[in-house]
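Below is one structure, written out as structure tokens; comments come after it.
The values are calculated or read from the model by the stated rules, or taken from the named source; none is laboratory data. What you see is a predicted model; the values in this text were computed from it and never measured. Neighbour counts run over all protein chains shown; Cβ positions are idealised from the backbone, glycine included. For accessibility, only protein heavy atoms count, side chains too; no ligands or nucleic acids. Shrake-Rupley method; radii C 1.70, N 1.55, O 1.52, S 1.80 Å.
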Amino acid sequence: MPHIAIDNGLPGISGLLALRPDTAAPLGLLADALLRAPAPMSRGERELVAAYVSHLNGTRFCTGAHGAFAAAQLEEGDDVVKAVLADPTTAPLTDRMRALLRIAAEVQGRVGPVSHEAVAAARAAGAGDTEIHDTVLIAAAFCMYNRYVDGLATDLPEDPGYYAEGAKRIVGSGYGRGN
């Protein structure tokens, strides 16, 4: 049961965003900038980072949502998302993506600089400054989003198709309108 009254019937962050449109707007714009704007990493790869960090944080709503959003935008679909959540070291990923997920895990795991070894591994695998920057920012932002969702004990969706429907909406129109 949520810690605050969320009377709109929406689970997870969806209910919080509908409850507070004033905070929904900047949070949606941040998500759009991080996950949808033109960047060296694909939208699916960036969503995969969001899903992975959410998984590490134990935030079921965000893991389910961003896992579905990643699957909808990655050629390997749900199989790669499941493999990454199970063990990114054995998932069918490029070395670049595996190294970026290592960086994301370091950001999620503690406050402090990402290790020189993780950055060097990402660079050796072909990641540039923008990809390293974006990975760190996505991971940091999703620590915030996850704490927002779980800190208020929001509900999980009852419909198992909720995340797939959300993926259609997000892939089609993005986050900017507080979706």
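For every residue, the table says whether it meets (1) under 21 Å from A125 (Cα atoms); (2) open to solvent by 60 Å² or more (accessible area, probe 1.4 Å).
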{"position": "L16", "(1), (2)": "no, no"}
{"position": "A39", "(1), (2)": "yes, no"}
{"position": "G44", "(1), (2)": "yes, no"}
{"position": "A65", "(1), (2)": "no, no"}
{"position": "A70", "(1), (2)": "no, no"}
{"position": "K82", "(1), (2)": "no, yes"}
{"position": "L101", "(1), (2)": "yes, no"}
{"position": "A105", "(1), (2)": "yes, no"}
{"position": "G112", "(1), (2)": "no, no"}
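Provide a single number: the residues in the stretch 38-67 that are over 15 Å from G12 (Cα atoms) and assigned to a loop (DSSP other than H, G, I, E, B).
5
Out of curiosity, is L152 in contact with a His (Cβ under 6 Å, 6 or more places away or on another chain) and surrounded by 15 or more Cβ atoms within 10 Å (Cβ to Cβ)?
yes
Whether any residue in the stretch 11-25 is out of contact with any helix residue (DSSP H, G or I) (no Cβ under 6 Å at 6 or more places or on another chain) and outside any helix (DSSP H, G or I) is what I want to check.
Yes, the stretch 11-25 has at least one match.
Identify, from the list D95, D32, D79, the residue that is farther than 26 Å from D129 by Cβ and not aliphatic (A, V, I, L, M).
Within the list D95, D32, D79, the selection yields D79.
Can you pull out every residue in the stretch 114-126 that is open to solvent by less than 50 Å² (accessible area, probe 1.4 Å) and either in a helix (DSSP H, G or I) or touching a residue at least 60 places away in the same chain (Cβ under 8 Å) (or both)?
A118, V119, A121, A122
Any residue that is over 12 Å from the mean Cα position of the chain (by Cα) and within 26 Å of P26 (Cβ to Cβ) - is there at least one of those in the stretch 67-88?
Yes, there is a match, as at least one residue in the stretch 67-88 is over 12 Å from the mean Cα position of the chain (by Cα) and within 26 Å of P26 (Cβ to Cβ).
Within the stretch 26-37, track down each residue that is open to solvent by 10 Å² or more (accessible area, probe 1.4 Å) and part of a helix (DSSP H, G or I).
Within the stretch 26-37, P26, L27, L29, L30, D32, A33, L34 meet the criteria.
Search the stretch 127-142 for residues being part of a helix (DSSP H, G or I) and of a type in the set (A, V, I, L, M), and hand back the single one that is farthest from the chain's Cα centre (by Cα).
The initial filter retains those residues of the stretch 127-142 that are part of a helix (DSSP H, G or I), namely 129-142.
From the residues that got through so far, the ones that are of a type in the set (A, V, I, L, M) too are 132, 136-141.
Values: I132: 15, V136: 12, L137: 11, I138: 7, A139: 8, A140: 10, A141: 9 Å.
Going through the qualifying residues, I end up with I132.
Being surrounded by 22 or more Cβ atoms within 10 Å (Cβ to Cβ) and out of contact with any Phe, Trp or Tyr (no Cβ under 7 Å at 6 or more places or on another chain) is the filter here, so list the residues in the stretch 46-63 that pass it.
If the condition is that a residue be surrounded by 22 or more Cβ atoms within 10 Å (Cβ to Cβ) and out of contact with any Phe, Trp or Tyr (no Cβ under 7 Å at 6 or more places or on another chain), then R46, L48, V49, A51, Y52, H55, T59, F61, T63 are the ones that fit.
May I ask you to list the residues in the stretch 90-125 that are of a type in the set (G, A, S) and farther than 24 Å from L74 by Cβ?
Listed by number, the residues that qualify are G109, G112, S115, A120.
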